[in-house]
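Encoded as structure tokens, the structure appears first; notes follow it.
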Amino acid sequence: MNTGILIRCHFFKPKNRFVDANHKYLKHKNSGSLPGQIIFLAFIIFFIPNKTLKSQTPAIDSLKKSLSNANSNKLATLFALCERGESMPDDTAMMFAKEARQISIRNNENYSRLQSDFFIAKFLNMRGRADSALIICNSDLQKITGNGKVFHLYAEFMWDKITDLIKLRKIKESIEACYQLIEGAEKYNDKFAKVIAYNNLGVNYHILENRAEELQWFNRAYDLIKDDSIYLQFPLVFTNLSAIYFTKSNSDSGYFFLKKAFRIARYNQNLRNEADCYTIQGLVYSGEDKMDSAERMLQKAVALQKRIGNIQRILVGLDGLESFYLKQKNYPKAIKYIKEAESYSRSYTEPLVFAFYEDLAECYKGMGNYKSYGETLDTLVKMKDSLYRKTRAEDLANLEAQYEVTSKEAFISKQKLEILHKNIWISIVALFTSLAIAASWLIYRRNKRKQRIALIMAEEKERRRIAADLHDNIGAYASAISEGIDQIENKKLISDASSIHYLKNNANEIITSLRNTIWAFNKDFITLTGISDRIKIYLQKIQPSYPDIDISLEEKISFDKRLSPVQSLNIFRIVQEALHNALQHSHGSKIIVNIYGDNNRSEIEIIDDGTGFDFLQVITEGNGIINMKKRAMEAGFELAFFKASPKGTFVSLTARTAG
């Protein structure tokens with residue numbers, strides 16, 4: 001299967017001219033440009049049937065002789081011939097593939113039957129029948145599970161399918177198939193399948209004119225095969241890279257890959273690949289103004305195309321030569337190759353496109369042979385008239401059908417117009433109704449926004465009032481209780497010192513909790529740095545009570561996230577609870593608090609080196625953990641518990657940073 005790039009040079013007048021399977025004339029002329037500029041045409045080269053069976057290469061001749069040997073493995077020989085199908089007429093290759101299929105069916109060998117189907121689809125593609133080839137591929141791919149034993153065959157069918165899709169210009173589907181093949185290749189570590197996918201992705205991106213992606217994928221294919229004997233199966237990777245680098249005016253790299261492509265083609269005895277190499281070399285020489293060398297290379301390419309025996313490639317090669325000579329104003333030689341193309345066209349009943357006769361007329365005009373010039377123009381006019389007459393009846397039938405359709409459409413349009421008049425008033429009423437609804441909705445939203453702002457202001461006012469009440473009333477009473485306990489302790493009015501100490505600690509905790517609440521409620525918002533500072537104060541306060549435990553805080557804040565008072569208080573309480581758990585239950589010697597803040601996230605970590613705990617039991621039974629999770633949810637943070645490495649507990653409080 002060959003999916004490659006054929007380059008043509010603008011130094012001589014290029015024409016990519018051929019006739020499709022329905023003998024419809026197609027013609028493509030590239031616009032003029034500077035001498036030496038090379039363009040690419042990514043396509044699948046396909047052939048039309050040949051009527052002769054001739055000698056192509058020593059390898060093919062040897063295999064053909066083996067077919068008559070009764071002791072040889074006929075099926076294996078047929079498959080070997082199919083592998084060399086690019087160097088023979090496609091009808092001959094198709095004959096071998098069909099014979100292999102018949103033997104496989106007769107011997108009930110399913111794998112061999114699938115192999116023969118692969119070659120039949122390949123040769124259908126070469127004939128220009130990519131749609132028929134695609135049907136075979138899709139049908140047989142459903143029968144292949146894609147497991148390791150048959151993955152190579154699966155990859156070959158996918159290769160067929162991808163090139164069929166490229167030929168049909170279904171580029172999106174072709175790219176999807178390439179990635180599907182890559183997925184399988186990764187699973188089974190199949191280098192052959194990867195190269196297929198990478199090379200065809202390069203071809204697809206060439207068609208999409210994405211030059212960066214194109215070169216990237218071709219290079220990835222080359223990297224896989226450059227140090228592996230598998231490179232012999234992929235000569236077009238080298239011709240593709242050669243063409244690309246010549247276009248980029250990187251001649252050193254272009255010749256490097258072209259020489260490798262030549263060596264592979266000759267080693268494989270692949271005439272099609274060798275002819276492509278000569279064509280590239282000829283076009284490069286033409287761009288370098290080495291006309292004698294360019295002429296020799298193009299003549300060698302045509303000689304190989306004749307040796308293969310496919311009329312379409314022969315006509316394309318002759319077209320290149322006559323165009324080359326026409327550009328050089330070597331009219332006799334240009335006429336010679338046009339006449340030769342005309343002879344091949346008649347022998348193989350293959351229609352010759354108009355552009356050959358246009359060039360022939362130009363040659364006669366350039367030579368001053370106006371009689372022949374006029375006769376050629378007459379021939380060209382007659383050919384066009386003949387084509388016109390063949391299509392005129394069909395065109396008239398189409399016009400009549402179109403007239404009937406147009407009449408029916410006019411009647412329908414008239415009915416639609418009447419309905420439209422009736423609907424105009426309905427539409428006007430609907431429009432004004434919609435405007436009224438929209439206006440009402442805008443007014444409603446405006447009022448709701450005002451209400452929301454008023455509610456926020458009321459909440460802010462109430463929050464500040466609560467903070468003041470906590471400070472002036474409950475705070476004052478708590479302070480009075482603490483002072484009263486101090487007096488009782490100083491005057492030794494109660495002998496139970498432990499109870500006095502317990503009461504005093506509780507009073508201090510109440511005062512501290514109130515201060516933290518007031519700290520949060522007295523602000524419109526609190527930044528992550530503000531919370532970090534509050535935690536530092538808290539750590540300084542509790543550190544003396546735990547002299548055997550090292551408590552530290554590390555802060556890395558590049559983006560200071562703003563938090564509401566309620567969020568800030570919840571986060572502070574979660575940190576308090578996590579620290580309390582670590583101090584009371586971890587039996588560790590070190591606690592680290594990490595606070596991070598950047599454009600992507602805000603995170604607080606509490607890590608200890610203690611004994612850890614049973615997460616399942618604590619999460620399902622511990623009220624402290626449940627309260628921490630509720631607070632985290634209210635604050636819009638995610639709370640998680642992990643086992644620290646090598647030991648201890650890791651508590652993480654994380655939120656994505658928004659704006």
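The values are calculated or read from the model by the stated rules, or taken from the named source; none is laboratory data. Only a predicted model underlies this, so the values are computations on that prediction, with no experimental measurement involved. Every residue, glycine as well, gets a Cβ built from its backbone with ideal geometry; the counts of neighbours run over all protein chains shown. We work out accessible area using only protein heavy atoms, side chains counted, and drop any ligands, DNA or RNA first. Shrake-Rupley method; radii C 1.70, N 1.55, O 1.52, S 1.80 Å.
Does residue 355 fit the bill of being at pLDDT 75 or above and under 47 Å from the mean Cα position of the chain (by Cα)? Explain how you work it out, then say what you get.
On the way: at pLDDT 75 or above: yes; under 47 Å from the mean Cα position of the chain (by Cα): yes.
Yes.
Can you find a residue that is part of a loop (DSSP other than H, G, I, E, B), over 16 Å from residue 264 (Cα atoms) and not hydroxyl-bearing (Ser, Thr, Tyr) anywhere in the range 230-245?
First, pick out the residues of the range 230-245 that are part of a loop (DSSP other than H, G, I, E, B): 234.
Now drop any that are not over 16 Å from residue 264 (Cα atoms), which leaves none.
Within the range 230-245, none of the residues are part of a loop (DSSP other than H, G, I, E, B), over 16 Å from residue 264 (Cα atoms) and not hydroxyl-bearing (Ser, Thr, Tyr).
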Where residue 111 falls short, out of the listed (1) touching a residue at least 24 places away in the same chain (Cβ under 8 Å); (2) closer than 23 Å to residue 222 by Cα; (3) exposed (fewer than 15 other Cβ atoms within 10 Å of the Cβ): (2)
Filtered residues of the range 603-616 (kept if touching a helix residue (DSSP H, G or I) at 6+ places or on another chain (Cβ under 8 Å), open to solvent by less than 40 Å² (accessible area, probe 1.4 Å) and at pLDDT below 90): 610
Matching residues in the range 196-217 - criterion: being closer than 14 Å to residue 175 by Cα, part of a helix (DSSP H, G or I) and either open to solvent by 30 Å² or more (accessible area, probe 1.4 Å) or among the hydrophobic types (A, V, I, L, M, F, W, C) (or both): 196, 197, 201, 203, 205, 207, 213, 217
The range 580-595, residues that are modelled with pLDDT under 90 and within 21 Å of residue 637 (Cα to Cα): 580, 581, 582
Neighbours by Cβ (under 9 Å, 6+ apart or cross-chain): first from the range 61-83, over 20 Å from residue 124 (Cα atoms); second open to solvent by less than 40 Å² (accessible area, probe 1.4 Å) and β-branched (Val, Ile, Thr): 63/77; 64/77; 66/77; 67/77; 69/77; 74/103; 75/103
Test for residue 254: is it at pLDDT 90 or above and touching a Phe, Trp or Tyr at 6+ places or on another chain (Cβ under 8 Å): yes
Residues that are charged (D, E, K, R) and surrounded by 23 or more Cβ atoms within 10 Å (Cβ to Cβ), drawn from the range 87-100: 90
Sole residue being hydrophobic (A, V, I, L, M, F, W, C) and surrounded by fewer than 19 Cβ atoms within 10 Å (Cβ to Cβ), chosen from 181, 168, 241: 168
Hits in the range 322-354 (condition: surrounded by fewer than 19 Cβ atoms within 10 Å (Cβ to Cβ) and assigned to a helix (DSSP H, G or I)): 327, 332, 333, 336, 339, 340, 342, 343, 344, 346, 347, 354
In the range 44-81, residue least open to solvent (accessible area, probe 1.4 Å) [restricted to those that are at pLDDT below 85 and of a type in the set (A, V, I, L, M)]: 44
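For the range 542-557: of the residues being touching a Ser or Thr at 6+ places or on another chain (Cβ under 8 Å) and not hydrophobic (A, V, I, L, M, F, W, C), which is farthest from residue 568 (Cα to Cα)?
Just the residues of the range 542-557 that are touching a Ser or Thr at 6+ places or on another chain (Cβ under 8 Å), to begin with: 548-550, 553, 555, 557.
So of that shortlist, the ones also not hydrophobic (A, V, I, L, M, F, W, C) come out as 548, 550, 555.
Details: 548: 30, 550: 26, 555: 17 Å.
Residue satisfying both the conditions and the ranking: 548.
Only residues that are touching a residue at least 12 places away in the same chain (Cβ under 8 Å) and either within 14 Å of residue 197 (Cα to Cα) or buried (at least 17 other Cβ atoms within 10 Å of the Cβ) (or both): list them for the range 218-232, please. Show your work before the answer.
Applying the first criterion (touching a residue at least 12 places away in the same chain (Cβ under 8 Å)) to the range 218-232 yields 218-222, 224-225, 228, 230-232.
218, 219, 220, 221, 222, 224, 225, 231 - these are the residues of the range 218-232 that are touching a residue at least 12 places away in the same chain (Cβ under 8 Å) and either within 14 Å of residue 197 (Cα to Cα) or buried (at least 17 other Cβ atoms within 10 Å of the Cβ) (or both).
Any residue in the range 246-265 that is in contact (Cβ under 8 Å) with a residue 60 or more places away in the chain, of a type in the set (A, V, I, L, M, F, W, C) and not in a loop (DSSP other than H, G, I, E, B)?
Taking every residue of the range 246-265 in turn, at least one turns out to be in contact (Cβ under 8 Å) with a residue 60 or more places away in the chain, of a type in the set (A, V, I, L, M, F, W, C) and not in a loop (DSSP other than H, G, I, E, B).
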Residue 306 farther than 30 Å from residue 244 by Cα, touching a helix residue (DSSP H, G or I) at 6+ places or on another chain (Cβ under 8 Å) and buried (at least 16 other Cβ atoms within 10 Å of the Cβ): no
